[in-house]
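**Q** The structure's right below; bear with me while I get my questions together.
The values are calculated or read from the model by the stated rules, or taken from the named source; none is laboratory data. From a predicted model like this one, the values you see are computed outputs, not experimental measurements. Here the Cβ positions follow ideal geometry from the backbone for every residue, glycine too, while neighbour counts run over all protein chains shown. Quick note on the areas: whole protein, heavy atoms, side chains included, nothing else; ligands and nucleic acids left out. Shrake-Rupley method; radii C 1.70, N 1.55, O 1.52, S 1.80 Å.
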Amino acid sequence: MDNNVVLTMRGITMTFPGVKALDNVDFTLRKGEIHALMGENGAGKSTLIKCLTGINAFQAGEIHVDGINGPVVNHSTLDAQKKGISTVYQEVNLCGNLSVAENLFIGREPKTKFGTIDWKTMIKKSQKIMKDLDMPVDVKQNLEEYSLALQQMIAIARAVDMECKVLILDEPTSSLDDNEVEKLFKLMTQLRDKGVGIVFVTHFLEQVYAVCDRITVLRNGTLVGEYPVAELPRVKLVAAMMGKDFDDMAAIKTDEAADFSNAEVFIDAQGLSHKGTIKPFSLTIHKGEVVGLTGLLGSGRSELARVIYGADRNQTGTLKVNGKEVTIKSPIDAMNLGMGLLPDDRKAEGIIGDLSVRENLILALQAKRGMFRLIPMKEQIALTDEYIKTLQVKTASRETLIKQLSGGNQQKVILGRWLATNPDFLILDEPTRGIDVGTKTEIQKLVLKLAKEGKSLIFISSEIEEMLRTCSKMGVLRDGEKVGEITENLTQETVMKAIAGGGSNE
Amino acid sequence: MKNKKLNSNTLLLIITIVLFFVMYAAGCIVYSDKGFGNIQTFLNLLINNAGLLCVTCGMTCIMLTGGIDISVGSLIALDCMILAVGMEHWGMSAPVLCIIVLLIGIVFGMVQGFCVGYLKIQPFIVTMAGMFFGRGMTAVISTNQVSISNEWFVKLANTKIELPFGAYTNNKGALQIPFVRLTVVVALIVLVVIFLMLRYTKFGRSLYAVGGNEQSAVMMGLNVPMTKLKAYVLSSFLCSIGGICFCLNTMSGNVQQATGLEMDAISSSVIGGTLLTGGVGNVIGSFFGVMINGTISTLVKTNGKLLSSWSNIAVAALLCFFIVLQSVFAKIKEKK
Ligand SMILES: Nc1ncnc2c1ncn2[C@@H]1O[C@H](COP(=O)(O)OP(=O)(O)OP(=O)(O)O)[C@@H](O)[C@H]1O
Ligand SMILES: [Mg+2]
């Protein structure tokens, strides 16, 4: 082994019953590099990582780790940790019922001289870690009290704090905002300079070009190639991932700013608020309009949407849907009014692992129609097939258990679930999180198509570009308050300005 | 998030503790003529429930992992039978028998723990098999009621540990010195040790992690099967300690002994704030759960006119109350 290399994987082949997830894949990681592992949803990125850390058993191939003679086979994450491989898996994998400090240290708690857990040191160390990362967290609180983004940062902090030679980050940035991504990148570069090899999986191409040194591309479980970043410009990278030329920058939004002043108003919220999260706000949405909500993470984007939908009851104000004043007591009321909400915390609210793709997909529709009016199987199948096709869900069949799908493909099914209810008003909270570039574009197209059919949408995304391409109006939030609305001249610049404050639209 | 807010689990615990004191105080007022307010009545509560307390501590540990152990009642019957028959018929020495019983507990737990942890069989099924096995083995050893007259054991059972304070005159005017039995000391030691273990050892915290989110525990590098195995070993071991305490109270072995004890242990844990889904709970709560259970049956007994089944009904009502309370708190938490 070249003495600059910390990790080599050769000829890794891994089959799940009925699916060849990896076929003869090679991967090399060098000291002090950030190595992007790229590929579409279901390409096998997470599986490759899990083969390395012992969660999945591979059938053929060899793994070598610097400093260890002979091929290495890990049997558990613990094994891998002992060999200096520290991992943040795709979904946040921490325990909500334990305190933040424990989540950072469990399995490697500081001990007193009697061999018991030294809570004082543990808490002090945790406080230091959180402070270094500039995170406003009380380490004694239970983890579940904090937002998904903070949990993600805590998971990263845990992995980073372990002495490791190899750090694996599987889509760590999917629920982070720019600020936190920046913190993460700073951390990653520091570690790289210390000689740690970092594997980084993401679907955000800009992030690859911002920090990575090298890219390995997988497609359908096979290796496409390994490239230095400089030799693989964006367009080529996308082509390598998809296996065909594709221009994700293509302008999707064709017509100029549409004028909705004559269109019917569908949602008319006046002075709605929810104690503790959202200050009173007003928002009107016309039929056929896509409204974006933007602001820093934690500014109340999701919360505002939840108040309109009735997932959080409003304490003040009135809501008119299609001209009629309504009170929404529970999500089912909202659904019956023709509303739909794709929530951002999809791990907690979304997937039912032991049900099939079809069953997961029809869930919301079935709830809407009432439990006793079973949707005919024929219709279920037709719907499922339709959404598998439009959303490009990579699954062995419609009856495959959803937990056997890759993370991104699970997301697509959940999106399909809400689209299938055929709502007149749909709130999409981070609909493209964890989804590959190709499908992202498809989803944006779909949003515009729905709008053209006369539906109203709220679109929330951390990617401003994505919203620029789909929205005709944007609400700007800051600290739980709607501070402005941008209706014309929607550009990256105006939006950024408005988010940061001091923009002209206030 | 700034000011330390009351965690809903702490609140549940406080409710349990308050409930115990209210209940006990009510008993003191209503039955003051029957001597309910005497310190000895309280100590008897501890004496009568020492065995259950040991078992409940083990049960709580298992429930923290999201599991359940319904074999404890039969294991106690088996322990008592081995002690009784061993001393009376086989002529073995009592201390040796106690050690044997503890070892049996460990082996019993290992087998159950292996099935749950490594073979990934449902805990309910595994421990149900354990339950049948325990009861069956007891019957195989003897179907008769075997009373213990072993000198050492009798002496152990009759040892009074008198408290240096709290002497009182009873309603006949005689001076009484309050006392506890050895079993109470054992049970309280178990309680303290398990409390410290849950808070200050890696194993203790792993129990919470496994119950909180098993998949995450694996991903964080914890050895989940081993943790579960140890939990079941611990439970059966504590159950055997409880079995000895139990035997010291009853001084006999009997096939029907401790039937339904597992349910008492589970209900005490739940009343004490342990969630059946795992990850939440602690033995302080379980202690008060046991005490509440004991107080109810003492109240019913003191009344004298009520059918003893009323205590079951009261426990059932309490269980419902606490489970509803738990889910209400969970709802409130979700809403936030
Ligand atoms: N437990 C499982 N059982 C069966 N098949 C599985 C299982 N886990 C993953 N797969 C399959 O293996 C393939 C690769 O999945 P993997 O999770 O590695 O994709 P990925 O590249 O990480 O995608 P994403 O970007 O969506 O996270 C997919 O086709 C998936 O359906
Ligand atoms: Mg993945």
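**Q** Go through A:Lys31/A:Lys183; A:Lys20/B:Lys228; A:Lys120/B:Lys230; A:Lys31/A:Lys186; A:Lys244/A:Lys389; A:Lys244/A:Lys440 and tell me which ones have a Cα-Cα distance over 24 Å in this structure.
**A** Numbers: A:Lys31/A:Lys183 22 Å; A:Lys20/B:Lys228 33 Å; A:Lys120/B:Lys230 27 Å; A:Lys31/A:Lys186 18 Å; A:Lys244/A:Lys389 18 Å; A:Lys244/A:Lys440 16 Å.
Check vs 24 Å cut-off fails for A:Lys20/B:Lys228; A:Lys120/B:Lys230.
**Q** Heavy atoms only, 1.4 Å probe, whole protein assembly: order B:Met131, A:Met135 by accessible area, highest first. Present the calculation step by step, with values, prior to reporting the outcome.
**A** Values: B:Met131 45, A:Met135 15 Å².
Ranked list, largest accessible area first: B:Met131, A:Met135.
**Q** Name the residues of the stretch A:131-149, by number, that are at least 40 Å² less accessible with every protein chain in place than in the isolated chain; the surface is that of heavy atoms, probe 1.4 Å, without ligands or nucleic acids.
**A** Listed by number, the residues meeting the 40 Å² cut-off are A:Gln141, A:Glu145.
**Q** At q = 0.16 Å⁻¹, what is the log10 ratio I(q)/I(0) for the stretch B:1-144, with the Debye formula run over Cα points and no solvent?
**A** Scattering profile of the stretch B:1-144, log10 relative to I(0): -1.00.
**Q** What percent does the relative contact order of the stretch B:1-132 come to when contacts are Cα pairs within less than 8 Å and at least six residues apart?
**A** 23 percent
**Q** Continuing with the same structure: Remind me, relative contact order of chain A in percent, using alpha carbon pairs under 8 angstrom and six or more residues apart?
**A** Value for chain A: 16 percent.
**Q** What share of all Cα pairs of the stretch B:84-193, in percent, falls into each consecutive 10 Å distance bin?
**A** 11, 25, 30, 20, 11, 3, 0
**Q** Suppose R0 equals 35 Å. What FRET efficiency, 1/(1 + (r/R0)^6) with r the Cβ-Cβ distance, do B:Val96 and B:Leu175 give to the nearest 0.05?
**A** Working: r = 40 Å, r/R0 = 1.14.
Here the calculated transfer efficiency is 0.30.
**Q** Further question on the same structure: Tell me the carbon and sulfur percent of the accessible area for the stretch B:138-227, rounded to whole percent, probe radius 1.4 Å. Display every interim value, and only then the final one.
**A** Details: 2790 of 4690 Å².
Here it works out to 59 percent.
**Q** Please list log₁₀ I(q)/I(0) at q = 0.15 Å⁻¹ for the stretch A:402-444, using the Debye equation with identical point scatterers on the alpha-carbon positions.
**A** -0.37
**Q** If I take R0 = 22 Å and measure r between the Cβ atoms of B:Leu119 and A:Glu399 in this structure, what FRET efficiency does the formula 1/(1 + (r/R0)^6) give, to the nearest 0.05? Before the final figure, lay out each step's value.
**A** Values: r = 28 Å, r/R0 = 1.27.
About 0.20, to the nearest 0.05.
**Q** Something else now. Hey, rough spin-label estimate for B:Ser149 and A:Glu488, points 7 angstrom out along Cα→Cβ, what's it come to in nanometres?
**A** Label-label distance for B:Ser149 and A:Glu488, simple model: 10.8 nm.
**Q** Checking the a/c ratio against 1.5 first, then a/b against b/c, what shape does the Cα gyration tensor give for the stretch A:330-416? Don't skip to the end; give the middle numbers.
**A** Details: a/c = 1.82, a/b = 1.27, b/c = 1.43.
Note, shape of the stretch A:330-416 comes out oblate.
**Q** Computed FRET efficiency, Cβ-Cβ of B:Glu162 and A:Thr13, R0 51 Å: what is it to the nearest 0.05? Don't jump to the answer; show the numbers that get you there.
**A** Working: r = 74 Å, r/R0 = 1.45.
Taking R0 as 51 Å, the efficiency between B:Glu162 and A:Thr13 is 0.10.
**Q** Write down the radius of gyration of the stretch A:378-506 and its Dmax, each obtained from C-alpha positions, in Å.
**A** So, for the stretch A:378-506, Rg and Dmax equal 16.8, 55 Å respectively.
**Q** Give the carbon-plus-sulfur fraction of the accessible surface of the stretch B:1-81 in %, rounded to a whole number; probe 1.4 Å, heavy atoms of protein chains only.
**A** Details: 2020 of 2990 Å².
With neighbouring chains kept in place, the figure for the stretch B:1-81 is 68 percent.
**Q** Also, quick follow-up: Enter the buried accessible area of the B/A pair, total of both sides, probe 1.4 Å, in Å² rounded to the nearest 100. Don't jump to the answer; show the numbers that get you there.
**A** Details: alone 16260 and 22500 Å², together 36360 Å².
Heavy-atom accessible area buried at this interface is about 2400 Å².
**Q** Still on this model: Leaving out ligands, DNA and RNA, and with a 1.4 Å probe, what % of the accessible surface on the stretch A:5-248 is carbon or sulfur? Walk me through the intermediate numbers first.
**A** Numbers: 4710 of 9530 Å².
Answer for the stretch A:5-248: carbon and sulfur cover 49 percent of the accessible area.
**Q** Further, regarding this structure: Give me the percent relative contact order of the stretch B:2-335, please, defined on Cα pairs under 8 angstrom at least 6 residues apart.
**A** Here the relative contact order equals 33 percent.
**Q** Testing the spin-label approximation: label points 7 Å from Cα along Cα→Cβ at B:Ala317 and A:Thr277. State their distance in nm.
**A** 3.8 nm
**Q** Another question, then. Using alpha carbon coordinates only, what is the Rg to Rh ratio of the protein assembly as shown, with Rh defined as the Kirkwood radius? Mind dumping the intermediate values first?
**A** Values: Rg = 31.4 Å, Rh = 30.4 Å.
Rounded to two decimals, Rg over Rh is 1.04.
**Q** No solvent, one uniform scatterer per C-alpha: report log10 I(q)/I(0) for the stretch A:413-482 via the Debye equation at q = 0.16 1/Å, two decimals.
**A** Log-scaled intensity ratios, in q order: -0.56.
**Q** Let me ask another. Which residue fluctuates most in the GNM of chain B (Cα springs below 10 Å): B:Lys34, B:Lys305, B:Lys230?
**A** In the Gaussian network model the winner is B:Lys305.
**Q** I'd like to check one number: the per residue accessible area of the protein assembly as shown, probe 1.4 Å, reported in Å² as a whole number.
**A** Numbers: 36360 Å² over 842 residues.
Per residue, the protein assembly as shown has an accessible area of 43 Å².
**Q** Could you check the spin-label model distance between A:Asn322 and B:Val30? Points 7 Å from the Cα along Cα→Cβ, value in nm.
**A** 5.8 nm
**Q** P(r) for chain B: what percent of alpha-carbon pairs falls in each 20 Å bin, starting at zero?
**A** 30, 57, 13, 0
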